[in-house]
Amino acid sequence: MSKTVGIPKGLLYYDFYPMWKTFFEGVGSKVVVSQDTNKKILDEGVKNCVEDACLPVKTYVGHVINLKEKDVDYIFIPRIVSVERKKYLCSKFLGLPDFIKSLIGDLPPIIDVEINYYKNNDEFTQNEFIKVGRMFGKTKDQSLKAYFEATHQQKKFESLLKEGLTNLEALKVWEGKNLVKEESNYDLKIAVIAHPYDIMDEYISMGIIEKLKNMGAQVYTMEMLQKDLILEGASMLSKEMFWNYERDILGAGLYFLKQKNVDGVIMVSAFGCGPNSMTEELLERLYKKAKEVPFMLITIDEHSGEAGIMTRLEAFTDLLRFNKKAVMV
Amino acid sequence: MKITYPHMGSLNMILKTMFEGIGVEVIDPPPSTNKTLTLGVRNSHEFACLPFKINVGNFIEALDKGADTIIMLGGIGPCRFGYYGQVQREILKDLGYDFKMIIVDPPHGRLIDFLKELASYFPNVDGKIALKSFVFAVKKMIAADKLEKFLLKYRAHEDNPGVTTKIYEEYMKKLEKAQNGKEVDKIVSEAMKKIKENANVRRKIQLKVALVGEIYMLLEPFTNMDISKSLNELGVEVTKTEYLSDYLINSAFKLPQRMEFKKNARGYLERDIGGHGLNTVANTVKYAKLNYDGVIHILPFTCTPEIVAQGIIAKISRDYNIPVMSLVYDENTGQAGYQTRLEAFVDLLYRKRMEVVC
């Protein structure tokens, strides 16, 4: 019987699931994903995590516990150091497997490959995946084949994002499911700038994206932007950010500010997010100075007060519509 | 050009010595106080870490005093410190200040490259004089750190409460004014002698605690509410794990110390995660192995590397059976709360030792 590998549905799952799934299936294992986030998962996460950790990390801990209860043979918790040349990820990703191992006892074996493209070569990461392949009794060539297929599928997934799908929608399409056709009589365009793990998890973000759509707003995320547009935005900064996702946030924010092709921008971040404390500060100041595109910050935490979010979104969309009318008159 | 810089332990003394040595005018930021903190908090993002906020406060106060150039370190991540300067510049600009900010990237590799970069901002300064003032500044730094290490051990034995601190402060002032190497040596040996003369209390059970954590929090007595003094006054010998001179030496001769950290942290944390996360984990293991009675971990609120470390050292605490307490500091300055927790922790350490004795 083939071994099962559990992939927690949190953090970079929303960005790299196609790659990981393809690889593990390529080396002959069965992939199990944890449930969608629910109250139990979040509560378990909060209970077992360090209190000062950010919300997505707490949720992730809950997902790992969920997988442990599902009796998988392995849990995949990669150590993602860098996904782009000369760029890092937030510290929590660098120590994630160590952190999780310290927090939760009696875990099944953890597959903690290091994903590191800091030096701009594939070789290091390939070797890491070859090591994983060996755990499943595969030769170097077999693993490499799976790895290349995985990167191919990942590219396919990323091109779906660029077509204007959110990560969740793109994941569905990639898995071959049909999307529910949406009505397209949107009268507002809103950019939601955030880490995918903050806004794609419908439970912890309280469905911000869906809510905005229901209010008649077409939503743009930074994943939908072509990379050169983000870099164009980021080039306005005096020093490029050393975290790639933060660079994307700043780049996307500045791009929308410059192009003015959206009616408003909402930035969502998790309570206590260290990197976002820098990007939010900069973006908010720049938007306030420009006074051209309305900008709102939403902070999410484990106290899921849905009404509060709803009120703020409604107020924001009302304001945008009011702005539009004022221009028309 | 009137230069200023943020406070960080004895950093101001060292920078002052260095810049005055090359003939640049220096405006020392006023000592960090609650007012500094308030200014910083008011003008920073709520989740910015405490060092960031105090930096902002220091800058505002120094600019008000007439400084026009700020020296700040940069970095390449993954700690957010590397982007401090850029954000702080925007904040200060928005407040309407007119100034120049020099952001020097820290030595990643050879110290000499760092010095060269720094020197490029001061083209009119003679290289030899600059090097000489740098060497003298480093000498002062090492002297100050040596004196502090001594203080943290002997203050726990002082005969009359408060005397040692007074001696220390008096000699630190002298050190700041010292003009040459000979004077520095003399000040240190005199201070050590005086501190020792006033430290004659001996206890049956002598507790030793290691302070680990984020470097700024450990170096700035204002931000950590002088935790080492509180512990000393409870009769505990303290070993602080981060000093400026150690940091400089690590940066200059990176490998040996980093290897030691990696070796100690093996099995708990397998790589550097930015900031001082790896150091915290490694030092906790190190002092657990040295049979210290306890470890206190101090970190600023929202510091990501230290939060990861916090989760990990809880496991080290169980594995090595050593009490570990994490103290998170933010802008709420309730000293009494921390004092209570320290007292409770120290009580616990005594009880643990008593069990062994009985």
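The values are calculated or read from the model by the stated rules, or taken from the named source; none is laboratory data. All figures in this text were calculated on a predicted structure; none of them were measured in a lab. All Cβ positions, even for glycine, are placed from backbone atoms using ideal geometry, and neighbour counts span all protein chains on display.
Can you find, within the range A:52-103, the residue that is farthest from the other protein chains (Cβ to nearest Cβ) among those that are in contact with a Gly (Cβ under 6 Å, 6 or more places away or on another chain) and part of a loop (DSSP other than H, G, I, E, B)?
The extreme case among them is A:V72.
For the range A:182-201, enumerate the residues that are closer than 30 Å to A:V57 by Cβ and more than 9 Å from the chain's Cα centre (by Cα). Give the derivation first.
Quick first cut of the range A:182-201, residues closer than 30 Å to A:V57 by Cβ only: A:190-201.
If the condition is that a residue be closer than 30 Å to A:V57 by Cβ and more than 9 Å from the chain's Cα centre (by Cα), then A:I190, A:A191, A:V192, A:I193 are the ones that fit.
Can you tell me which residue among B:G294, B:G337, B:G277 is of a type in the set (G, A, S), without any contact (Cβ under 8 Å) to a residue 60 or more places away in the chain and more than 14 Å from chain A (Cβ to nearest Cβ)? Spell out how you get there, then give the answer.
Details: B:G294 fails: without any contact (Cβ under 8 Å) to a residue 60 or more places away in the chain; B:G277 fails: more than 14 Å from chain A (Cβ to nearest Cβ).
After ruling out the rest, the residue left standing is B:G337.
Can you tell me which residue among B:I54, B:I70, B:I14 is assigned to a strand (DSSP E or B), of a type in the set (A, V, I, L, M) and more than 14 Å from chain A (Cβ to nearest Cβ)?
Among B:I54, B:I70, B:I14, only B:I70 is assigned to a strand (DSSP E or B), of a type in the set (A, V, I, L, M) and more than 14 Å from chain A (Cβ to nearest Cβ).
Mind telling me which of the residues A:L229, A:L237 ends up being in a helix (DSSP H, G or I) and either within 14 Å of chain B (Cβ to nearest Cβ) or modelled with pLDDT under 95 (or both)?
A:L229
Of all residues in the range A:148-186, count the ones that are farther than 16 Å from A:W20 by Cβ and part of a loop (DSSP other than H, G, I, E, B).
Here the count works out to 15.
Would you mention how many residues in the range A:162-177 are closer than 17 Å to A:D36 by Cα and touching a residue at least 60 places away in the same chain (Cβ under 8 Å)?
Of the residues in the range A:162-177, 3 are closer than 17 Å to A:D36 by Cα and touching a residue at least 60 places away in the same chain (Cβ under 8 Å).
Within the range B:297-308, can you find the residues that are assigned to a helix (DSSP H, G or I) and either surrounded by fewer than 24 Cβ atoms within 10 Å (Cβ to Cβ) or within 8 Å of chain A (Cβ to nearest Cβ) (or both)?
B:T304, B:P305, B:I307, B:V308
What's the total number of residues in the range B:312-336 that are farther than 29 Å from B:Y268 by Cβ and surrounded by fewer than 13 Cβ atoms within 10 Å (Cβ to Cβ)?
4
Among B:I195, B:I215, B:I142, which is in contact with a His (Cβ under 6 Å, 6 or more places away or on another chain), in contact (Cβ under 8 Å) with a residue 24 or more places away in the chain and under 26 Å from B:N283 (Cβ atoms)? Don't jump to the end; show me each part of the working.
Working: B:I195 fails: in contact with a His (Cβ under 6 Å, 6 or more places away or on another chain); B:I142 fails: in contact with a His (Cβ under 6 Å, 6 or more places away or on another chain).
After applying the criteria, what remains is B:I215.
Within the group A:E280, A:E223, which residue is within 21 Å of the chain's Cα centre (by Cα), surrounded by 23 or more Cβ atoms within 10 Å (Cβ to Cβ), touching a residue at least 12 places away in the same chain (Cβ under 8 Å) and part of a helix (DSSP H, G or I)? Before the answer, list the steps.
Numbers: A:E223 fails: surrounded by 23 or more Cβ atoms within 10 Å (Cβ to Cβ).
Criteria check complete, one pass: A:E280.
Against the definition (out of contact with any His (no Cβ under 6 Å at 6 or more places or on another chain), modelled with pLDDT of 90 or more and surrounded by 23 or more Cβ atoms within 10 Å (Cβ to Cβ)), how does A:A315 come out, yes or no?
No; evaluated as a whole, the condition is false for this residue.
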